[in-house]
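Encoded as structure tokens, the structure appears first; notes follow it.
No value in this document is a laboratory result; all are computed from the given coordinates. Since the model is a prediction, treat every value here as computed from it, not as a measurement. In this analysis, Cβ positions are derived from the backbone assuming ideal geometry, glycine residues included, and neighbour counts consider all displayed protein chains.
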Amino acid sequence: MGVKAQAKGQGFSVDEQIARLNIEHFQKKLTSETDEAKRQTLIKLLADEEAKLVQIRAKAAFDQRPREA
């Protein structure tokens, strides 16, 4: 079950903020990592986190849709 609290002043859910920070972290690590095995791990982690962010945003959009009376 996702956390419904909003990141302070951002308008993002805590889950979305964590995913965004993880993506930023993995991207930064990729710029300096030279070991190919570690790079492949970072690429996998980055792809997984990007997919997670898509799911979080889709769920948020679904939850915000207008409800029929």
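Evaluate the range 7-56: find the radius of gyration of its Cα atoms, find its Kirkwood radius, and give the ratio Rg to Rh.
On the way: Rg = 12.2 Å, Rh = 11.5 Å.
Ratio of gyration radius to Kirkwood radius: 1.07.
Measure off 7 Å from each Cα along the Cα-to-Cβ vector at VAL54 and ASP35, then give the distance between these two points in nanometres to one decimal.
Roughly 3.0 nm, to one decimal.
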